[in-house]
Amino acid sequence: MKKNMTYNTKNVFVTITIFLVIGGVLNIIYEKPLNIQNSGKNHILTAEYIQPAYAQEAVSNTEIDIKPESIKDSQRVKNIETFLRKRNSPLADYAQEFVLAADYWNIDYRLVAAISVVESGGGVKTFRKYNAWGWGKSGFKSWEDGIWSVTEGLSKGYYSKGLDTPKEISKYYCPPSSDSWARKVSSLMKEIGD
């Protein structure tokens, strides 16, 4: 009887240890984008591993010290609004947020709006609540939350690594159809304007 109990205790210990190791590895993958060395070249893990860490870090635009009135009537805001209204996008009312977030995180102001149209028709058909970008695996609290979180994620996850064009981003954001995705996003960015 004692021998049987020892055997079961060891099995439980081994099982728990395995789960803890697997959990630790998953935590590392989902908390930080990783660079992998392979044949002397750096490779960044695909977007499905980069995105969740950034997608979970919501940014509230109320914490950011910028002056929205300075861009309220800017041509860039008008460009985004016109572009999204043509598609009956619920995001058209948030054109100013796209520009504010892009300026704050130093990315192309057209990118996040263009991605939203490729991924969900501009928020018309989302896979999660307020997630018009196919970003991560969950929804957002609001459209503003989504715009700011995705913009931050693109800045930290791609731009900071020198990946600042749709073609460069597509290899990680949408690996299965990267060429097609990059062409669509680039075309939509041109449609938005300068």
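Of the residues 140, 127, the one with the fewest other Cβ atoms within 10 Å heads the list, and the complete ranking is 127, 140.
Express in nm, to one decimal, how much length is gained between residue 124 and residue 86 on full extension, taking 0.36 nm for each residue of separation and deducting their alpha carbon distance.
Working: separation 38, 0.36 × 38 = 13.68 nm, distance 1.22 nm.
That pair, residue 124 and residue 86, stretches by 12.5 nm at full extension.
Rounded if a/c is under 1.5, else prolate if a/b is larger than b/c, else oblate: which is region 92-148, with a ≥ b ≥ c the root eigenvalues of its Cα gyration tensor? In terms of gyration-tensor shape, prolate.
Placing pseudo-labels 7 Å out from each Cα toward the beta carbon at residue 156 and residue 180 gives an inter-label distance of 3.1 nm. For region 81-95, 3J(HN,Hα) computed residue by residue from phi via the Karplus equation (6.51, -1.76, 1.60; θ = phi - 60°) reads 4, 4, 4, 7, 5, 4, 9, 6, 7, x, 7, 4, 5, 10, 4 Hz, glycine and proline entered as x. The amide H of residue 131, built 1.01 Å from its N in the peptide plane, has 140 as neighbours under 5 Å, considering only residues 5 or more places off or on other chains. Placing pseudo-labels 7 Å out from each Cα toward the beta carbon at residue 74 and residue 138 gives an inter-label distance of 3.1 nm. Under the simplified labelling scheme, the residue 106-residue 190 pair shows an inter-label distance of 2.8 nm, with each label point 7 Å from Cα along Cα→Cβ.
FYI, it's all coordinate maths here, none of it is from the lab. Bear in mind that the values here come from a model prediction, so they are computed numbers and not experimental data. Positions of Cβ are generated from backbone atoms using ideal geometry, with glycine treated the same way; all protein chains shown enter the neighbour counts.
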